[in-house]
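Read the structure below first, then the notes.
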2 protein chains.
Amino acid sequence: MRRDEQVGATREALLTAAERLFAERGVYAVGNRQISEAAGQGNNTAVGYHFGTKADLIRAIARKHAEQIERIRERMMNDIAGSTDPRDWVSCLVRPFTEHLESLGSPTWYARFAAQVMADPTLNEIMVDEALTAAPILRSFRDGLTRCLPGLPAEIRHERAGMARHLVVQTCVERERALAEGTPTLQPTWDDLATGLIDAIAGLWQAPVTQRP
Amino acid sequence: MRRDEQVGATREALLTAAERLFAERGVYAVGNRQISEAAGQGNNTAVGYHFGTKADLIRAIARKHAEQIERIRERMMNDIAGSTDPRDWVSCLVRPFTEHLESLGSPTWYARFAAQVMADPTLNEIMVDEALTAAPILRSFRDGLTRCLPGLPAEIRHERAGMARHLVVQTCVERERALAEGTPTLQPTWDDLATGLIDAIAGLWQAPVTQRP
């Protein structure tokens, strides 16, 4: 194996080991030494050497998945360009995530990793940064949804976007964990899970708004 | 202070310290020794002496809050007995949680504690056990909601109930964390947050169901 191929293989082994350990034991409970060991690296400083800080490692994991997810989203958004059916736009929110998870085979760790990173105010900025590399896609997503729901005040749209994000991630976390642990899943397939989420989020997004004091 | 009062004060100090440390650093990252220290106990085995295992301690925290939350829920359900408006029932899902958090002052740690415990398959059983002490209330809640949404297949009701639970907890976690860290909150008050959640969950629950293959 050439030197650069070997470096690439080591980086990939570290990314995979880190993602699995973060998902199973928690981002804060796992140190760089454990990750190096789990990746079969004799050298305990391998994470530091290849990635830098823990935050840099988390960023590398997030980027790897974000690139693939945003590629799916771009394709789906081209397919529905100009649609004014909210369900079409909600699909572009849900299916890139579920299709990506399905493509990874089983078990996966990314949903549990993403849930933790989203829940942490510091780490969440990393996810936002990575998503910003896909800013044009996200902007045209927001514009499309706004055209479908013209009467919704901006702050309610913002509030419901946050709720939708939580729903996608938490529902996928539940299925991912059940698959990893061999316990029964609520839906037979990722596709069924996506359909249920799209129905629910479309309902949530179009719900009447109670005036607040 | 009498001996039994002193024991009660020590237990309360341990419960509060544990809840805060679990919320801020993670249930798995925090050990019994750290909790004893944070509660000002010279004896590092205080958690073991007063509660037993970590799972027993988690159960005691969950029970303390569940009792207060279920008391609020019982009162609210008496007020809406016989209603066939889904919003009334969704209120009974949302407001006991938000009113309880509001009653605790600021900052709180319970939403972040509950989110972690719900996300863990082993610990989640503790929460379910504790909720079962309130089984008659939960049963009449489910019956009420079923009467409002008679056409909804049982498996979709089950799926959406899970989504609603995630939405309540995650939305409260976000506000709780912002209040604890002094960052801007999305809604000005817990009451506004509850109104937004009730609108969204009522929409989610009444959304049309797409037939799955």
Over chain B, what is the relative contact order in whole percent, taking alpha-carbon pairs under 8 Å and six or more residues apart?
22 percent
Net dipole in debye of segment B:55-206 [+1 Lys, Arg Cβ; -1 Asp, Glu Cβ; about Cα centre; nearest 20]:
180 debye
Projected area averaged over all directions for the convex hull of the alpha carbon atoms of chain B, nm², comes out at 14.0 nm²
With a 10 Å cut-off between alpha carbons and a GNM built on chain A, which of A:ASN43, A:ASN32, A:ASN124 moves the most?
A:ASN43
What residue among B:MET127, B:ILE137, B:ASN32 has its Cα farthest toward the positive end of the dipole of the protein assembly as shown, where the charges are +1 on Lys, Arg and -1 on Asp, Glu, each on the Cβ?
B:ASN32
How big is segment B:143-213 on each of its three principal axes, counting only the C-alpha atoms and giving the largest first in Å?
46, 25, 19
Cα pair distances of segment A:92-213 binned at 10 Å [whole percent]:
11, 39, 35, 13, 1
Reported to two decimal places, what Rg/Rh ratio describes segment A:1-52 when computed on Cα atoms with Rh from the Kirkwood expression?
0.98
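Given R₀ = 25 Å, what would the calculated FRET efficiency be for B:ARG33 paired with A:GLU24, taking r from the Cβ atoms and rounding to 0.05? If you can, show how the numbers build up before the last one.
Numbers: r = 24 Å, r/R0 = 0.94.
About 0.60, to the nearest 0.05.
In peptide A:152-165, how many Cβ atoms from other protein chains are near each Cβ within 10 Å, on average?
Details: counts 0, 0, 0, 3, 3, 0, 1, 9, 4, 0, 6, 11, 2, 1.
Per residue, the average neighbour count from other chains is 3.
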Spatially proximal lysines relative to B:LYS64 (Cα-Cα < 20 Å; intrachain offsets below 8 disregarded)
B:LYS54
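Given charges of +1 on the Cβ of Lys and Arg and -1 on the Cβ of Asp and Glu, with all other atoms neutral, how large is the dipole of the protein assembly as shown about its Cα centre, in debye to the nearest 20? Kindly include the intermediate steps, with their values, before the conclusion.
Numbers: 50 positive and 56 negative charges, 66 e Å.
That gives a dipole near 320 debye.
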If you count, for every residue in B:21-31, the Cβ atoms of partner chains within 10 Å of its Cβ, what is the mean?
2
Would you kindly work out, in nm and rounded to one decimal, the distances from the label point of A:THR84 to those of the same position in each other copy, ordered shortest first, with label points 7 Å along Cα-to-Cβ?
3.5
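Thinking of the protein assembly as shown as a set of Cα atoms, what percent of all their pairs are more than 42 Å apart? Could the numbers behind the result be given before it?
Values: 14884 of 90525 pairs.
Percentage above 42 Å: 16.
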For q values of 0.16, 0.23, 0.24, 0.29 Å⁻¹, compute log₁₀ I(q)/I(0) with the Debye formula on a Cα-only model of segment A:16-81, without solvent.
-0.58, -0.92, -0.98, -1.26
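Order these peptides, B:135-141, A:187-193, A:87-93, B:198-204, by their mean beta-carbon neighbour count within 10 angstrom, highest first.
Details: B:135-141: 13.3, A:187-193: 17.4, A:87-93: 22.3, B:198-204: 24.7.
Output ranking for B:135-141, A:187-193, A:87-93, B:198-204: B:198-204, A:87-93, A:187-193, B:135-141.
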From the label point of A:ASP4, set 7 Å from Cα along Cα→Cβ, how far away are the matching label points in the other copies, in nm, ordered shortest to longest?
7.7
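Using the 10 angstrom Cβ neighbour count as an exposure proxy, how do B:ARG157, A:ARG175 rank, fewest first?
Details: B:ARG157 15, A:ARG175 20.
Fewest-to-most Cβ neighbours within 10 Å comes out as B:ARG157, A:ARG175.
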When B:CYS172, A:CYS148 are ordered from fewest to most other Cβ atoms inside 10 Å of their Cβ, what list results?
A:CYS148, B:CYS172
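Give me a single rounded figure for A:190-203: the average over its residues of other chain Cβ atoms within 10 Å of their Cβ. Each step should come with its number before you reach the end.
On the way: counts 0, 2, 4, 2, 0, 5, 10, 2, 2, 9, 13, 5, 5, 11.
Mean number of neighbouring Cβ atoms from other chains: 5.
Here, each number is a calculation from the coordinates, and none is a lab measurement. Bear in mind the structure is a predicted one, so any value in this text is a computation, not a measurement. Every residue, glycine as well, gets a Cβ built from its backbone with ideal geometry; the counts of neighbours run over all protein chains shown.
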